[in-house]
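Trainee: Below are the structure tokens for one structure; questions will follow.
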Amino acid sequence: MKRVFLIVLDSCGVGYEPDAAEFGDVGANTLHTCSQSPKFAMPNLISMGLGNLDGVDYLPKTDRPQAALARLQELSRGKDTTIGHWEIAGLVSPQPLPTFPHGFPEEVLKPFSEQTGRGVLCNLPYSGTEVIKDYGREHVQTGDLIVYTSADSVFQIAAHESVVPPEQLYAYCRIARKLLTGKYGVGRVIARPFEGEWPYTRTSRRHDFSLEPPAKTMLDAIVEAGQDMIAVGKIHDIFAGRGMTEFTYTTGNADGLSKTLSYADKDFTGLCFVNLVDFDMLYGHRNDVEGYAKALTYFDERLPELLAAMGEEDVLMITADHGCDPSTPSTDHSREYTPLVMYGAPVRAGENFGTRKSFSDIAATILSYFDLTPECAGEAIPVFKK
């Protein structure tokens, strides 16, 4: 019963890429920043070889890594969640998704207001926590929706749950998703509900409405082969619900790990694809170095639970989708290499495959393990024992 558990530590980059200057990210190194915190401790991943990755000269190395390793460079023209996950799944995006550094044009906002029956506040790139501080009270008074964006390809709608219940907010997001096509086809429309009294608090009822991938991905190939593709966390939203046999949402990293462990106890054949979003959402975007370091430590502390649940044909892959260095002035994602740690009885432990040309090598490698011929980008890493 072959199973792969692919876990994305959302935004855990391991150093800026050669083209980082084009993205304003020279010097970014998310893992290095976190490793300098006294709250950081990852002995389990270090014993697996995390410190042996190319460019990771700030963590201890081990003579006998328990896992196989690679560092991945992003081939797509972007540094956001959607493009990063699509490339992990074998879909390279040669053109970046559109961004709106000056806000959205009237030809988008006018029909949006007409169809929702509500006005729009803000319409600028903004921090998600700051925007509800600055516009939240006016929203509560008027009922107008807080619409904002970031350096990523996103259209975000914030609303107080007492003014706009979450299900109604999701309906407004679906309206925006239908409007945002073509040159306005942002990667994600995101519902950002908040609650309480000023200064308000964002809730866990965020929901993403993504573009559907424009071509076949690893997920589609696995499902077409009659195998399971289980999505945990926001994977369902990133792929617009396509290419999966089962999905579950999570309330954070702890819940995501617990649900992954539950799947490890079940019989299935195929892929369990997991996103752990707290690293990015709660810590990277808020420039919270200590919080990010503690979250990495927590993941490492729970890692042995997952390793103990693995069977003889199980493979664990741990990676990231971009960076989000919490020490930089920016609160946005950073253009960084990502780690790939591969563990399990079928894996040639101790092998270091250096720096790879694309995140898509993950897709090709997973499909090769299931004896499927990739119809997507990527080159399979020869990591499995023969």
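The values are calculated or read from the model by the stated rules, or taken from the named source; none is laboratory data. Source: prediction; values computed, not measured. Neighbour counts are summed over all protein chains in view; Cβ atoms, including those assigned to glycine, are modelled from backbone coordinates with ideal geometry. Heavy atoms of the whole protein, side chains included, go into the accessibility calculation; ligands, DNA and RNA do not. Shrake-Rupley method; radii C 1.70, N 1.55, O 1.52, S 1.80 Å.
Trainee: For the stretch 264-271, does any single residue satisfy the condition of being touching a residue at least 12 places away in the same chain (Cβ under 8 Å) and more than 21 Å from Leu219 (Cα to Cα)?
Mentor: yes
Trainee: Inside the stretch 130-141, can you point out the residues that are in contact (Cβ under 8 Å) with a residue 24 or more places away in the chain and surrounded by fewer than 17 Cβ atoms within 10 Å (Cβ to Cβ)? Full working, then the answer.
Mentor: Filtering the stretch 130-141 for residues in contact (Cβ under 8 Å) with a residue 24 or more places away in the chain gives 131-133, 136-137, 139.
If the condition is that a residue be in contact (Cβ under 8 Å) with a residue 24 or more places away in the chain and surrounded by fewer than 17 Cβ atoms within 10 Å (Cβ to Cβ), then Lys133, Arg137 are the ones that fit.
Trainee: Next question, about the same structure. Of the residues Glu375, Glu351, only one is surrounded by fewer than 18 Cβ atoms within 10 Å (Cβ to Cβ), at negative phi, in contact with a Lys or Arg (Cβ under 6 Å, 6 or more places away or on another chain) and in contact (Cβ under 8 Å) with a residue 24 or more places away in the chain; which?
Mentor: Glu375 is the lone residue from the list that is surrounded by fewer than 18 Cβ atoms within 10 Å (Cβ to Cβ), at negative phi, in contact with a Lys or Arg (Cβ under 6 Å, 6 or more places away or on another chain) and in contact (Cβ under 8 Å) with a residue 24 or more places away in the chain.
Trainee: From the list Asp332, Asp361, which one is within 30 Å of Ala151 (Cβ to Cβ), at pLDDT below 95 and surrounded by 16 or more Cβ atoms within 10 Å (Cβ to Cβ)?
Mentor: Asp332
Trainee: Taking the stretch 168-183 on its own, how many of its residues are in a helix (DSSP H, G or I), within 19 Å of Glu114 (Cα to Cα) and out of contact with any Pro (no Cβ under 7 Å at 6 or more places or on another chain)?
Mentor: Matching residues across the stretch 168-183 total 10.
Trainee: Next question. If we scan the stretch 20-32, do we find a residue that is farther than 30 Å from Gly311 by Cα, open to solvent by less than 50 Å² (accessible area, probe 1.4 Å), more than 20 Å from the chain's Cα centre (by Cα) and not small (Gly, Ala, Ser)?
Mentor: Within the stretch 20-32, none of the residues are farther than 30 Å from Gly311 by Cα, open to solvent by less than 50 Å² (accessible area, probe 1.4 Å), more than 20 Å from the chain's Cα centre (by Cα) and not small (Gly, Ala, Ser).
Trainee: For the structure I just gave you, tell me whether Ala295 is in contact with a helix residue (DSSP H, G or I) (Cβ under 6 Å, 6 or more places away or on another chain) and among the aliphatic types (A, V, I, L, M).
Mentor: Yes: the conditions hold for Ala295.
Trainee: Here is a follow-up. Filter the stretch 79-128 for residues that are without any contact (Cβ under 8 Å) to a residue 24 or more places away in the chain and among the basic types (Lys, Arg) and give the result.
Mentor: Lys110
Trainee: Condition check: modelled with pLDDT of 95 or more, in contact with an Asp or Glu (Cβ under 6 Å, 6 or more places away or on another chain) and of a type in the set (Gly, Ala, Ser). Does Ser47 satisfy that?
Mentor: Judged against the criteria, Ser47 is not a match.
Trainee: Same structure again: Going by the conditions given, is Leu6 of a type in the set (A, V, I, L, M, F, W, C), open to solvent by 50 Å² or more (accessible area, probe 1.4 Å) and within 20 Å of the chain's Cα centre (by Cα)?
Mentor: For Leu6, the condition - of a type in the set (A, V, I, L, M, F, W, C), open to solvent by 50 Å² or more (accessible area, probe 1.4 Å) and within 20 Å of the chain's Cα centre (by Cα) - is not met.
Trainee: Follow-up question, since we're still on this one. Residue by residue through the stretch 142-173, note down the ones that are within 21 Å of the chain's Cα centre (by Cα) and either open to solvent by 40 Å² or more (accessible area, probe 1.4 Å) or among the β-branched types (Val, Ile, Thr) (or both). Explain how you work it out, then say what you get.
Mentor: Residues of the stretch 142-173 within 21 Å of the chain's Cα centre (by Cα): 148-158, 170, 173.
The answer is Thr149, Ala151, Val154, Ile157.
Trainee: Arg64 - would you say it is under 21 Å from the mean Cα position of the chain (by Cα) and surrounded by fewer than 19 Cβ atoms within 10 Å (Cβ to Cβ)?
Mentor: no
Trainee: Could you list all residues from the stretch 268-279 that are open to solvent by 10 Å² or more (accessible area, probe 1.4 Å) and part of a helix (DSSP H, G or I)?
Mentor: Asp278
Trainee: Do we find that Leu69 is touching a His at 6+ places or on another chain (Cβ under 7 Å) and not charged (D, E, K, R) in this structure?
Mentor: Taking the combined requirement at face value, the residue does not satisfy it.
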